[in-house]
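What follows is one structure encoded as structure tokens, with my remarks underneath.
The values are calculated or read from the model by the stated rules, or taken from the named source; none is laboratory data. Being a predicted model, the structure only gives us computed values, none of them experimental. Cβ: placed from backbone, ideal geometry, glycine included. Neighbour counts: every protein chain shown.
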Amino acid sequence: MFRPEAATCAMQGRFRLMILSLPDMIGTAAALCSMASFTPQILKIWREHDASSISLRMYVVTVTGFGLWTTYGVLTQSWPVIGANAVCLLLSGVILALKWRFRDG
């Protein structure tokens, strides 16, 4: 997660450069991987109009989990938690909606 106190700011001309700590870089990479992981599944379902191989229960639990993480982020005012989990909530929600739409295979 990005923590302002852990970042170093450097001024370069008119631009402000943020240098993230190693834990922040790893957290950012993890969030990007988590968010990107849903895209291939969404594209496959959309192209094939088939979501029969998708577990409804698994995605109900996944969407619920991301919803809870997003709520936790709001309650703790942690924008990295809110941002990453809101995007994952949206993408996993799309998969759940596609599962419903193409439920008959």
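When we screen 97, 36, 7 for residues that are modelled with pLDDT of 95 or more and over 15 Å from the mean Cα position of the chain (by Cα), the only hit is 97. Criterion applied to 64, 70, 76 was being touching a Leu at 6+ places or on another chain (Cβ under 8 Å) and of a type in the set (S, T, N, Q), and the one residue passing it is 70. Could you tell me whether segment 94-105 includes any residue that is touching a residue at least 12 places away in the same chain (Cβ under 8 Å), of a type in the set (Lys, Arg) and part of a loop (DSSP other than H, G, I, E, B)? Within segment 94-105, one or more residues are touching a residue at least 12 places away in the same chain (Cβ under 8 Å), of a type in the set (Lys, Arg) and part of a loop (DSSP other than H, G, I, E, B). Counting only residues that are touching a residue at least 40 places away in the same chain (Cβ under 8 Å) and either part of a loop (DSSP other than H, G, I, E, B) or aromatic (Phe, Trp, Tyr) (or both), segment 21-63 holds 8 of them. On inspection, residue 46 passes the criterion of being at pLDDT 95 or above and of a type outside the set (Val, Ile, Thr). Quick check: anything in segment 80-93 surrounded by 12 or more Cβ atoms within 10 Å (Cβ to Cβ) and in a loop (DSSP other than H, G, I, E, B)? Within segment 80-93, not a single residue is surrounded by 12 or more Cβ atoms within 10 Å (Cβ to Cβ) and in a loop (DSSP other than H, G, I, E, B). For segment 18-66, a residue qualifies if it is closer than 26 Å to residue 100 by Cα, of a type in the set (Ser, Thr, Tyr) and surrounded by 15 or more Cβ atoms within 10 Å (Cβ to Cβ), and the qualifying residues are 34, 59, 62.
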